[in-house]
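The values are calculated or read from the model by the stated rules, or taken from the named source; none is laboratory data. Remember, predicted model here, so these are calculated numbers, not experimental data. All Cβ positions, even for glycine, are placed from backbone atoms using ideal geometry, and neighbour counts span all protein chains on display.
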Amino acid sequence: MKANLSQLVKGGAVVAATALLLGACAKQESAPVEAPKPAAVNTERLLAADSEPGNWMAHGRTYSEQRYSPLTQINDDNVADLGLAWHFDLGDTRGIEATPIVVDGVMYVTGGWSKVFALNAKTGAEIWRYDPQIDKAWFVNMCCDAVNRGVAAWDGKIFVGVGDGRLVALDAANGTVQWEVQTTPTDKPYSITGAPRVVDGKVIIGNGGSELGVRGYVTAYDANTGDQVWRFYTVPGDPSKPFENAIHAETVKTWSGEWWTVGGGGTAWDAMAHDPELNLLYIGVGNGAPWNRVYRSDGSGDNLFLSSIVALRPDTGEYVWHYQTTPGESWDYTATQHMILADIELEGRMRKLIMQAPKNGFFYVLDRETGEFISAEKYTMATWATHVDPESGRPVEAPEARYEETGVPTLQFPHPLGGHNWHPMSYSPDTGLVYIPAQEIPVVYGHDSEYDYNPKGWNVGVRFELASAPDDPEVRAQFGQMVKGHIAAWDPVTQTERWRVQHPNMWNGGLLSTAGNVLFQGNAEGEFVAYTADTGEKLWSHFAQTGVVAGPVTYTVDGEQYVAVAAGWGGSFAMVGGELAKRSRGAVSRPRVLVYKLGGEHALPPEPTPEQMAAITPMEPVGDEGTIVAGHKLYMANCHMCHGDRAVSGSSVPDLRKMTADTWELFEPIVLGGMRHENGMVGFADRISRDDANAIYAYLVKRRNDLAAGLD
């Protein structure tokens with residue numbers, strides 16, 4: 001051995017040889033090296049996400065939710081060479097709103113009805129799928145389509161919130177259920193459509209359902225066991241009972257009446273963000289239940305924490321601070337929209353900021369450490385308030401905005417669908433811009449003097465029939481011209497729009513910006529488009545054959561960069577928008593994942609040849625004018641959320657003007673008896689009478705005859 005070592009020393013390789021010998025010994029004594037665990041995401045990896053930009057391990061890529069990627073292989077010089085690498089059909093003609101998660105070459109994405117798919121991120125080959133077997137009758141409690149915005153990955157598990165309120169942990173390797181917990185009461189119309197977040201081994205999930213009269217909360221569960229760690233209620237409960245969260249001893253002072261008997265609202269159904277350095281979790285809180293504050297809080301009070309950003313301690317759920325965007329919310333102006341964390345220089349010093357463009361039309365910049373209001377300006381058309389007072393941080397409301405107080409219907413921007421809805425924004429530290437998928441749509445708000453709380457239906461206290469598009473074709477066309485969407489490239493420092501990409505319709509997709517100076521967005525016309533991030537110049541597009549509303553992601557496999565988006569027309573606008581939703585080229589549901597790379601040569605299958613629709617034959621009119629007017633009001637209160645304004649379907653839900661003869665004949669057993677509950681059409685006998693059903697029938701006959709006469 002000495003001679004051999006001496007020879008190695010003379011050769012200058014003693015260190016290398018010693019390492020080899022020691023390594024060989026260690027290898028003999030240790031256990032075989034195991035393959036990396038699928039979805040091996042943890043705090044360390046997420047904190048260092050920029051060191052492995054080839055993965056997209058969290059909903060917004062990082063805890064800051066900026067939806068910005070440092071990848072540059074695809075850039076503004078070569079993005080025109082992008083081509084389809086592969087696609088995967090998700091099935092189920094429901095809206096697709098999911099952000100894919102990509103970890104170590106595997107993509108995890110959700111489709112309709114909360115189904116989960118694991119795919120080879122390079123080839124699109126299916127690895128496994130999970131179907132939670134949701135009872136489709138629960139669809140009646142899902143305000144805005146049977147959608148799901150994605151999963152979370154952590155320590156070998158994939159977590160998904162199910163539409164019926166369950167939270168499920170799956171083995172990332174094979175999709176088998178590891179644990180399952182019911183996060184909501186099964187006797188209340190709660191739902192889950194948002195993506196969970198995981199912070200330090202706690203899975204955090206909110207819920208939806210304010211419109212139907214529930215009380216909102218956010219819950220943290222142990223990622224390994226599913227045990228509840230903490231729960232934070234967003235609004236106070238019955239003040240005669242102990243408050244579940246200490247802060248509600250203060251928030252209760254902003255409420256009046258008996259709000260807890262009608263739900264109160266405040267569901268946190270989408271956005272969250274996390275600052276590990278400050279140890280803060282930020283949640284966005286939704287609208288009131290009912291919408292109309294008169295029926296929720298005797299028409300008074302700010303009603304905290306409705307329409308607020310709330311900062312909590314992620315380990316305990318303890319309240320830290322809040323900022324309310326819409327005090328005394330009465331318009332469904334939620335603050336559940338995407339929140340972005342960024343460190344930006346303001347007035348000569350770096351500030352830790354949280355930024356949001358909620359439904360109400362104002363872009364907010366706050367100090368994320370303290371909740372201090374910094375600035376707010378309109379990023380889209382907003383007439384309900386003139387401005388936000390810079391001293392108090394409160395909106396200065398337009399005199400006519402309080403329809404519930406004036407009793408006078410008012411035309412107002414934004415619509416309850418918002419100046420910006422759930423579609424994710426993006427922030428580029430390269431350009432300093434926030435890219436907002438903004439929209440403009442007016443609505444007429446009117447106080448419903450006949451409202452009565454309905455534990456089985458929508459609870460708004462607003463005259464929905466006033467929100468219906470006008471019958472007069474010319475007026476309707478003028479109204480339609482006001483409805484549009486755009487990308488607002490927003491400077492959060494100056495609170496001004498730098499540039500805009502105008503779209504012909506609203507409900508356009510989420511955004512992704514990259515260090516390659518590229519901005520990606522899908523749109524309602526069925527295009528997936530690349531723009532320059534600095535100027536908004538259009539560089540490339542691909543026709544997806546379906547509307548694209550979800551947020552894109554980018555990742556690498558084997559050193560090659562891919563851009564992916566989950567596509568499929570649907571969601572609330574597609575459901576309720578009627579003609580406005582239907583007018584888009586992409587208003588057809590073909591749910592699929594689309595993945596692109598430079599030089600990709602994959603092709604989508606040809607679009608199906610449109611079926612020749614048989615001529616719509618008129619029917620014998622039913623009921624007098626008063627019955628038809630009543631039927632329209634009842635339709636808007638009970639049916640239009642799925643079947644569209646004026647009974648025009650802009651989604652895959654059946655167009656009721658075109659019902660078959662058998663369906664017309666079975667109208668009462670279907671509508672009252674639930675004959676087709678397995679398709680999501682439950683019976684409404686517990687919320688409308690037979691006379692009500694007959695009035696709706698009369699209205700639908702009128703709408704069919706309008707179509708047959710060419711009036712639509």
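For segment 486-510, the set of residues classified as aromatic (Phe, Trp, Tyr) and part of a strand (DSSP E or B) consists of Trp490, Trp499, listed by residue number. Scanning segment 472-486 finds one or more residues that are closer than 30 Å to Glu347 by Cα and either touching a residue at least 12 places away in the same chain (Cβ under 8 Å) or crowded, with 22+ Cβ neighbours inside 10 Å (or both).
For Gly105, the criteria (1) at pLDDT 95 or above; (2) over 21 Å from Thr43 (Cα atoms) hold in every case but one, which is (2).
Out of Asp691, Asp655, Asp662, Asp686, I need the residue that is surrounded by fewer than 22 Cβ atoms within 10 Å (Cβ to Cβ) and either under 18 Å from Val576 (Cα atoms) or touching an Asp or Glu at 6+ places or on another chain (Cβ under 9 Å) (or both). Which one?
On the way: Asp691 fails: either under 18 Å from Val576 (Cα atoms) or touching an Asp or Glu at 6+ places or on another chain (Cβ under 9 Å) (or both); Asp662 fails: either under 18 Å from Val576 (Cα atoms) or touching an Asp or Glu at 6+ places or on another chain (Cβ under 9 Å) (or both); Asp686 fails: either under 18 Å from Val576 (Cα atoms) or touching an Asp or Glu at 6+ places or on another chain (Cβ under 9 Å) (or both).
Step by step, each of Asp691, Asp655, Asp662, Asp686 is checked, and only Asp655 is surrounded by fewer than 22 Cβ atoms within 10 Å (Cβ to Cβ) and either under 18 Å from Val576 (Cα atoms) or touching an Asp or Glu at 6+ places or on another chain (Cβ under 9 Å) (or both).
Here Arg94 passes the criteria (1) of a type in the set (Lys, Arg); (2) at pLDDT 95 or above; (3) more than 30 Å from Lys37 (Cα to Cα) except the one numbered (2).
Does segment 157-178 include one or more residues that are among the hydroxyl-bearing types (Ser, Thr, Tyr) and surrounded by fewer than 24 Cβ atoms within 10 Å (Cβ to Cβ)? Scanning segment 157-178 turns up at least one residue that is among the hydroxyl-bearing types (Ser, Thr, Tyr) and surrounded by fewer than 24 Cβ atoms within 10 Å (Cβ to Cβ). Any residue at all in segment 697-711 that is of a type in the set (Asp, Glu), over 31 Å from the mean Cα position of the chain (by Cα), modelled with pLDDT of 90 or more and at negative phi? No, segment 697-711 contains no residue that is of a type in the set (Asp, Glu), over 31 Å from the mean Cα position of the chain (by Cα), modelled with pLDDT of 90 or more and at negative phi.
Residues of segment 322-347 that are over 24 Å from the mean Cα position of the chain (by Cα), at pLDDT 95 or above and either of a type outside the set (Asp, Glu) or in a loop (DSSP other than H, G, I, E, B) (or both): Ile344, Leu346. In segment 571-679, counting only helices (runs of 4 or more DSSP H) that sit wholly within it, the ones holding 3 or more residues that are touching a residue at least 60 places away in the same chain (Cβ under 8 Å) and more than 26 Å from Thr193 (Cα to Cα) span 625-638.
Against the conditions (1) buried (at least 24 other Cβ atoms within 10 Å of the Cβ); (2) in contact with a strand residue (DSSP E or B) (Cβ under 7 Å, 6 or more places away or on another chain); (3) aliphatic (A, V, I, L, M), Leu280 satisfies every one except (1). Of the conditions (1) closer than 29 Å to Val198 by Cβ; (2) without any contact (Cβ under 8 Å) to a residue 12 or more places away in the chain, Glu258 satisfies every one except a single condition; which number is it? Here Glu258 meets the rest and fails (1).
Given the criterion at positive phi and surrounded by fewer than 22 Cβ atoms within 10 Å (Cβ to Cβ), identify the matching residue among Gly124, Gly150. Every option except Gly124 fails the conditions.
Counting only residues that are out of contact with any Pro (no Cβ under 6 Å at 6 or more places or on another chain), free of Cβ contacts under 8 Å to residues at least 60 places away in the same chain and surrounded by 18 or more Cβ atoms within 10 Å (Cβ to Cβ), segment 383-400 holds 1 of them. The residues on offer are Ile487, Ile436, Ile441, and the sole one that is β-branched (Val, Ile, Thr) and at pLDDT below 95 is Ile441.
All conditions but one from (1) polar (S, T, N, Q); (2) within 19 Å of Ala567 (Cα to Cα); (3) in a loop (DSSP other than H, G, I, E, B) apply to Ser513; the one that does not is (3).
The conditions of being modelled with pLDDT of 95 or more and in a helix (DSSP H, G or I) are not met by Glu277. Among the numbered conditions (1) more than 20 Å from Pro424 (Cα to Cα); (2) touching a strand residue (DSSP E or B) at 6+ places or on another chain (Cβ under 8 Å), the only one that Lys253 does not meet is (2).
List the strands (runs of 3 or more DSSP E) that sit entirely inside segment 363-460 and contain at least 1 residues that are over 24 Å from the mean Cα position of the chain (by Cα). Correct list: 373-378, 385-388, 395-397, 410-412, 443-445. The residues listed here are Glu97, Glu65; of these, the one that is touching a residue at least 40 places away in the same chain (Cβ under 8 Å), acidic (Asp, Glu) and closer than 23 Å to Asp155 by Cα is Glu65.
Among the residues making up segment 547-570, a single one is in a loop (DSSP other than H, G, I, E, B), over 20 Å from Cys144 (Cβ atoms) and within 19 Å of the chain's Cα centre (by Cα): Pro552. Select from segment 186-222 the residues that are under 27 Å from Asp275 (Cα atoms) and over 23 Å from the mean Cα position of the chain (by Cα) and list them in ascending order. Across segment 186-222, the qualifying residues are Asp200, Gly201, Asp222. The set of residues in segment 298-314 that are surrounded by fewer than 24 Cβ atoms within 10 Å (Cβ to Cβ) and either farther than 12 Å from Phe232 by Cα or among the polar types (S, T, N, Q) (or both) comprises Asp298, Gly299, Ser300, Gly301, Asp302.
Number of residues in segment 594-616 that are modelled with pLDDT under 90 and either farther than 25 Å from Trp569 by Cα or aliphatic (A, V, I, L, M) (or both): the value is 4.
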